[in-house]
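Beneath this line is the structure, given in structure tokens, with notes to follow.
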Amino acid sequence: MSNKIPPKVNPALHPGNKGFASRIVQSNFDTWRVFRIMSEFVESFEGMADLDRPMITVFGSARTPTDDRYYQEAEKLGKLLAENGYGVITGGGGGIMEAAHKGAYNAGGETVGLNIVLPHEQHPNPYQTRSLDFRYFFIRKVNFLKNSVGVFIFPGGFGTMDEFFESLTLIQTGKVNRIPLVLVGKEFWQGALDWIDNSLNASGYISPEDRELYKIVDSAEEAMAYLADCHRFGSVGTVRYDI
């Protein structure tokens with residue numbers, strides 16, 4: 001029998017592993033990747049260390065068109081935030097991110113874009129006073145919450161769902177200080193909140209009081225009023241130095 005049988009196969013190219021990276025191939029790069037990860041953390045932390053005002057993170061879909069109601073509400077919210085002394089952090093892309101930046105930028109506010117390298121969708125919007133680029137989603141997500149005293153979440157897709165539930169989990173588990181976590185758009189979010197009530201809470205997978213960790217509103221004005229009420233005695237950041 002030929003010594004070429006069975007042939008040498010790169011596990012990443014094997015039909016059974018189509019679309020999945022090989023653990024063998026990965027292991028050769030993991031150690032050195034740590035330094036690239038460390039570098040991205042250091043650069044992003046330093047790049048946002050001198051922010052001179054409280055910052056609010058706004059999440060939402062990059063696909064929201066400019067004539068959409070939620071785009072217009074996000075733009076109004078960005079303006080209100082800037083007028084009330086807040087800066088705005090977004091993922092730096094289009095849609096809701098662009099709208100919130102646009103409103104704050106045109107009102108003379110600080111607008112920080114945490115841009116991510118993606119094969120599609122992500123194109124930095126032009127309304128950024130400060131722009132950082134990320135290779136890794138998880139480092140980018142750390143920077144969103146690390147520098148925020150509040151989070152507003154507009155309608156979006158999988159990425160927005162991830163951002164909502166990760167923020168909620170960090171607050172629920174006490175890994176970060178509690179900050180206002182606000183869902184904007186009752187029509188869009190009500191189905192998700194009903195599922196939380198009727199499935200997660202009804203099954204005992206969360207505590208009833210966990211549903212008080214977020215607020216749902218339907219307009220930029222309502223969102224701003226809630227934030228002002230939460231911060232009437234001052235604001236606190238997310239970072240805990242006791243754990």
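The values are calculated or read from the model by the stated rules, or taken from the named source; none is laboratory data. Since this is a predicted model, take the numbers as computed values, not measurements. Cβ coordinates were reconstructed from backbone atoms using ideal geometry, including for glycine residues, and neighbour counts include every protein chain displayed.
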**Report entry** Residues located in the range 188-226, provided they are of a type in the set (Asp, Glu), surrounded by 14 or more Cβ atoms within 10 Å (Cβ to Cβ) and within 16 Å of THR173 (Cα to Cα)
**Finding:** ASP210
Query raised in the report: Right, PHE138: within 28 Å of VAL34 (Cβ to Cβ) and either in contact (Cβ under 8 Å) with a residue 40 or more places away in the chain or crowded, with 23+ Cβ neighbours inside 10 Å (or both) or not?
Result: no
Query raised in the report: If you go through the range 103-114 one residue at a time, do you hit one that is within 12 Å of the chain's Cα centre (by Cα) and outside any helix (DSSP H, G or I)?
Result: yes
Requested in this report: Starting from the range 189-209, keep only residues that are farther than 16 Å from PRO155 by Cα, then list their pairs with residues that are of a type in the set (Lys, Arg) whose Cβ atoms are within a distance under 8 Å, requiring at least 6 positions of separation or different chains.
Outcome: ILE196/ARG211; ASP197/ARG211; ASN201/ARG211
Report task. Tell me, yes or no, whether the range 97-118 has at least one residue that is surrounded by fewer than 18 Cβ atoms within 10 Å (Cβ to Cβ), closer than 24 Å to VAL42 by Cα and out of contact with any strand residue (DSSP E or B) (no Cβ under 9 Å at 6 or more places or on another chain). Result -> yes
**Report entry** Residue match in the range 117-134 (condition: among the β-branched types (Val, Ile, Thr), at pLDDT 95 or above and in contact with a Lys or Arg (Cβ under 8 Å, 6 or more places away or on another chain))
**Finding:** no
Query raised in the report: Pairs, please: C-beta under 8 Å, at least 6 apart or cross-chain, first residue under 13 Å from TRP189 (Cβ atoms) and in the range 162-174, second modelled with pLDDT under 95 and surrounded by 14 or more Cβ atoms within 10 Å (Cβ to Cβ)?
Result: none
Report summary line: By residue number, the members of the range 50-87 that are part of a helix (DSSP H, G or I) and aliphatic (A, V, I, L, M) are ALA74, LEU77, LEU80, LEU81, ALA82
Query raised in the report: Of the residues in the range 27-49, how many are loosely packed, with under 15 Cβ neighbours inside 10 Å and assigned to a loop (DSSP other than H, G, I, E, B)?
Result: 1
Report task. May I ask you to list the residues in the range 119-131 that are under 17 Å from MET48 (Cβ atoms) and surrounded by fewer than 19 Cβ atoms within 10 Å (Cβ to Cβ)? Result -> PRO124, THR129, ARG130, SER131
Query raised in the report: So, of the residues in the range 53-79 that are at pLDDT 95 or above and of a type in the set (Gly, Ala, Ser), which turns out to be farthest from PHE158 (Cα to Cα)?
Result: GLY78
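For every residue, the table says whether it meets (1) crowded, with 18+ Cβ neighbours inside 10 Å; (2) out of contact with any Leu (no Cβ under 6 Å at 6 or more places or on another chain); (3) free of Cβ contacts under 8 Å to residues at least 12 places away in the same chain; (4) of a type in the set (A, V, I, L, M, F, W, C).
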residue: PHE152; (1), (2), (3), (4): yes, yes, no, yes
residue: GLY157; (1), (2), (3), (4): no, yes, no, no
residue: PRO180; (1), (2), (3), (4): yes, no, no, no
residue: LYS186; (1), (2), (3), (4): no, yes, no, no
residue: ALA228; (1), (2), (3), (4): no, yes, no, yes
Query raised in the report: Scanning for something loosely packed, with under 13 Cβ neighbours inside 10 Å, out of contact with any Phe, Trp or Tyr (no Cβ under 8 Å at 6 or more places or on another chain) and at pLDDT 95 or above, does the range 80-88 turn up at least one residue?
Result: yes
Query raised in the report: Does the range 115-135 hold any residues that are in contact (Cβ under 8 Å) with a residue 40 or more places away in the chain and part of a strand (DSSP E or B), and which are they?
Result: ARG130, LEU132, PHE134
